[in-house]
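Laboratory data are not the source of any read-out in this text; all were calculated from the coordinates shown. Everything numeric here is computed off the predicted structure, so don't read it as measured data. Every residue, glycine among them, receives a Cβ derived from its backbone with ideal geometry; neighbour counts consider all protein chains shown.
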Amino acid sequence: MSEKKILIVEDDAISLQYLTRFLTDAGYAVIRCGDGPTAVSLAATQRPDLILLDLGLPSPNPKSCPSFDGFRVLDWLPRILKGKRMPVIVLTAQEPAEAKELALKAGATAFLQKPADSNKLLSAIRIALNEV
């Protein structure tokens, strides 16, 4: 069986470093980026098996693209994937009272709040990838 690819979309360098090491140690190949437009582009070209998505993403170019957060990534994925299934696990510091329902309605597979328990995160990934 080939190594599953996970795209980590996270703008915090420390979180990105931790998640990269954690997922690599768990046996996954990792692709990483820190903004929405790059995430959409990588999802289209690299076709990861799963996306781990932060909702609070900065705009890489505020003048030409003032807002491209995780919700906008969720909105764009069906357009670029053209029916292909790609699970998305939202991992965010945003308040779950509002963000969870919106993220799940927008197509997220699961919602975890930062800091997420490592076992819960790995479990959510394995479930989303049908590895359990």
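Assuming 0.36 nm per residue, please report the length gained on full extension of the stretch Ile127 to Glu3 beyond their Cα-Cα distance.
Values: separation 124, 0.36 × 124 = 44.64 nm, distance 1.59 nm.
Stretched fully, the Ile127-Glu3 segment lengthens by 43.1 nm.
In whole angstrom, and with the biggest value first, how far do the Cα coordinates of the chain range along each principal axis?
The Cα atoms of the chain stretch 42, 31, 28 Å along the principal axes, largest first.
Within a 10 angstrom radius of the beta carbon, how do Ser118, Ser123 rank from fewest other beta carbons to most?
Values: Ser118 11, Ser123 15.
Listing Ser118, Ser123 from fewest to most nearby Cβ atoms yields Ser118, Ser123.
Where nothing but the Cβ of Lys and Arg (+1) and of Asp and Glu (-1) is charged, how large is the charge dipole of the chain around its Cα centre, in debye to the nearest 20?
Values: 16 positive and 15 negative charges, 108 e Å.
With only Lys, Arg, Asp and Glu charged at Cβ, the dipole is about 520 debye.
In deg cm²/dmol, rounded to 500, what helix-only [θ] at 222 nm does the chain give when every DSSP H run of at least 4 residues adds -39500 (n - 2.57) and the total is split over its residues?
Details: 5 runs with 57 residues, N = 132.
Theoretical 222 nm ellipticity from helices: -13000 deg cm²/dmol.
In the chain, if the dipole is taken from +1 on Lys/Arg beta carbons and -1 on Asp/Glu beta carbons about the Cα centre, which of Val9, Pro48, Leu104 is farthest to the positive end?
Working it through, the farthest residue towards the positive pole turns out to be Pro48.
Pairs to check: Lys5/Lys105; Lys5/Lys114; Lys4/Lys84. Give those whose C-alpha atoms are more than 18 Å from each other in this structure.
On the way: Lys5/Lys105 24 Å; Lys5/Lys114 22 Å; Lys4/Lys84 16 Å.
In this structure, Lys5/Lys105; Lys5/Lys114 lie more than 18 Å apart at Cα.
Using a 10 Å cut-off on Cβ atoms, rank the peptides 105-117, 14-26 from the highest mean neighbour count down. Don't jump to the answer; show the numbers that get you there.
On the way: 105-117: 16.2, 14-26: 14.6.
Highest-to-lowest ranking by the protection proxy: 105-117, 14-26.
Could you work out the relative contact order of the chain? I mean the mean sequence separation of Cα pairs under 8 Å and 6+ apart, divided by the number of residues, in percent. Each step should come with its number before you reach the end.
On the way: 209 pairs, mean separation 28.2, N = 132.
Dividing the mean separation by the residue count of the chain yields 21 percent.
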